[in-house]
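The values are calculated or read from the model by the stated rules, or taken from the named source; none is laboratory data. If you're wondering where the values come from, they're calculated on a predicted model, not measured in any experiment. Reconstructed Cβ throughout: ideal geometry from the backbone, glycine too, with neighbour counts over all protein chains shown. Surface areas here come from the heavy atoms of the whole protein model, side chains and all, with no ligands, DNA or RNA. Shrake-Rupley method; radii C 1.70, N 1.55, O 1.52, S 1.80 Å.
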Amino acid sequence: MSSFELALRTRLLAAAPVRQMVGERVDWGEASDTGQLPAAEPAFPRIVLTAIFERRPQHMTGFTGLIDTIVQVDCQARTAIVAAALRDAAILAIAPSGFFAGVRFCRATNITPRMLVERTDAGIIHRQSVDATLWHRTEN
């Protein structure tokens, strides 16, 4: 069974520049750090994905099968330069159409990056957050 969430994560990790920067650190909703207890220092750079909005269009006989989801791709790093490089790599990974993990993606639209800085007890986290509309459909 495919899912949009798995397919988008697979898509980002399939892009060599993204994989080189984050390793496996692409997660939905909340960053998973090292998995060690007690909680260790967060690993950076990383990408945290959040589905902001999803629309499932219908016609008179039911759903069309094509879904558009607005996704936030939050690129986090310890420096602004690395966060920006990760942002650019992520945009290049999600922009074209493609097929990943059973999901067909149309070309991404409405790609809107913004810069954020978060101060935490562990230090400053530089964030380049990108919202994008991803049209997709599952093809099993």
- request: Report the charge-dipole magnitude of the chain in Debye, nearest 20, computed about the Cα centre from +1 at each Lys and Arg Cβ and -1 at each Asp and Glu Cβ.
  value: 400
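By the scheme Lys and Arg +1, Asp and Glu -1, what is the net charge of all other residues having a beta-carbon under 10 Å from that of Ile94?
Combined, the nearby Lys, Arg, Asp and Glu give +2.
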- request: Among [x] 1.01; [y] 1.10; [z] 1.30, find the value of Cα Rg over 2.2 N^0.38 Å that was calculated from the structure presented, and write down its label.
  value: [y]
message: Over the chain, with a Gaussian network built from C-alpha contacts below 10 Å, which listed residue (Arg127, Arg46, Arg104) shows the highest mean-square fluctuation?
response: Arg104
field: Max mean-square fluctuation residue, GNM over the chain, Cα-Cα springs under 10 Å, options Arg19, Arg119, Arg55
entry: Arg119
- prompt: Once segment 59-140 is represented by equal point scatterers at the alpha-carbon sites, with solvent omitted, what log10 I(q)/I(0) does the Debye formula produce at q = 0.14, 0.20, 0.22, 0.27 Å⁻¹?
  reply: -0.56, -0.87, -0.97, -1.20
query: Put +1 on the Cβ of every Lys and Arg and -1 on every Asp and Glu Cβ in the chain; which of Ala80, Asn140, Cys106 then has its Cα farthest towards the positive end of the dipole?
result: Cys106
- request: Between Ile67, Ile47, Ile91, find the one with the highest GNM mean-square fluctuation for the chain; connect C-alpha pairs within less than 10 Å.
  value: Ile67
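So, for the chain, what is the accessible surface per residue at a probe of 1.4 Å, expressed in square angstrom?
Each residue of the chain exposes 56 Å² on average to a 1.4 Å probe.
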